[in-house]
Amino acid sequence: MKIDIVSVFPEYFDVLNLSLLGKAQEHGLLSIDTHDLRDWTHDVHHSVDDTPIGGGAGMVMKPEVWSECLDSLLGVTYDASDARDVNDAKHAPSLADIESADDAEYALSAIDPAPGTTIIFPNPSAPLFTQDDAQELSQQKRLIFGCGRYEGYDARIPAYYSAQGYDFREYSIGDYVLNGGEVAVSAMVEAITRLLPGFMGNPDSIVEESYTGKQALLEYRQYTRPAQWRGRDVPDILRSGDHAKVDRFRRDEALVRTANIRPDLIEQLRVEDLDKVDRKL
Ligand code: 6GU
């Protein structure tokens, strides 16, 4: 997988060379390139933002800087003579129009000009990024992350690239406000790349953990030695050696903890699945 990250603070991502992510890059599983958005500015001040049209506080990131950046990462050039009012949209050729291999290629390129590529902009006003999204994105060949700063970016950026047929997504990582997209991109990159085949030493740890698979429950609590510590004992059942009882104990604990801490996850469970899994234990 190839990942490009664009930010006005590219040094922020130096940490991605550490630890497991660094090893994955050394082993060729993954390559991450960071870019400075200001490299695509032309004015002496290297400005990437401007005041919001319509008024209001803060600054908004300019569409031209982002489009020059994204076009160059995508390897495309914008032809101004092709400029058109979106109300006068040029329609992609329909199946009925395809008469040659060239037509077919053009039709396909209109559907997805960069197969296997997804562009992702963190945005606190977007849908929540979930484990399912991480799972889906870990199958992609290339991810391009654009970090917004300040009060956001011009809304025509996602609209334009989506209309061009690119898989352009915006995600929030939680219901709180960060100063910019850098922390959100770090979180998404980590969630996605650890799912790459060969990334984790023990692939079982991915299957068992929270939020994975259709039984999205919080995990049961874990203990290690010593069995007694500061007056607290590890639950007896876990030391009984009875695997069926241990599984049942853990499953019950996962259900109770999920009901208490994340009732929203319990609501998403399908009763049929729950009974089937529970009978197997
Ligand atoms: Cl994706 N960006 C910012 N700036 N704040 C956030 C966020 C993203 N997700 C949660 N808070």
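The values are calculated or read from the model by the stated rules, or taken from the named source; none is laboratory data. Bear in mind the structure is a predicted one, so any value in this text is a computation, not a measurement. As a convention, Cβ positions derive from the backbone with ideal geometry for all residues, glycine included, and neighbour counts pool all protein chains shown.
Structure summary
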{"read-out": "When residues of region 122-174 are limited to those that are basic (Lys, Arg) and modelled with pLDDT of 95 or more, the one nearest to LEU218 (Cα to Cα)", "value": "ARG169"}
{"read-out": "Residue in region 13-21 that is touching a helix residue (DSSP H, G or I) at 6+ places or on another chain (Cβ under 6 Å) and among the polar types (S, T, N, Q) present", "value": "no"}
{"read-out": "Those residues of region 257-281 which are among the hydrophobic types (A, V, I, L, M, F, W, C), at pLDDT 90 or above and closer than 10 Å to LEU217 by Cβ, in sequence order", "value": "ALA259, LEU265, ILE266"}
{"read-out": "Every pair of residues 6+ apart whose Cβ atoms lie under 7 Å, when the first sits in region 215-228 and is more than 15 Å from ASP132 (Cα to Cα) while the second is among the acidic types (Asp, Glu)", "value": "GLU219/GLU209; TYR220/GLU253; ARG221/GLU253; ALA227/ASP233"}
{"read-out": "Residue selected from region 48-93 under the condition surrounded by fewer than 13 Cβ atoms within 10 Å (Cβ to Cβ) and β-branched (Val, Ile, Thr), by the criterion modelled with the lowest pLDDT", "value": "VAL86"}
{"read-out": "Test: ALA104 is within 14 Å of the ligand (Cβ to nearest atom), in the same structural domain as SER47 (by TED's automatic domain parsing) and among the small types (Gly, Ala, Ser)", "value": "no"}
{"read-out": "Subset of region 151-162 (residues that are more than 18 Å from the chain's Cα centre (by Cα) and either among the aromatic types (Phe, Trp, Tyr) or within 17 Å of PRO115 (Cβ to Cβ) (or both))", "value": "TYR153, TYR160"}
{"read-out": "Selection from region 163-180 of residues that are more than 17 Å from the chain's Cα centre (by Cα) and more than 14 Å from the ligand (Cβ to nearest atom)", "value": "ALA163, GLN164, GLY165"}
{"read-out": "Hits in region 134-163 - residues which are surrounded by fewer than 18 Cβ atoms within 10 Å (Cβ to Cβ) and more than 18 Å from LYS62 (Cα to Cα)", "value": "GLN135, GLU136, SER138, GLN139, GLN140, LYS141, ARG142, ALA163"}
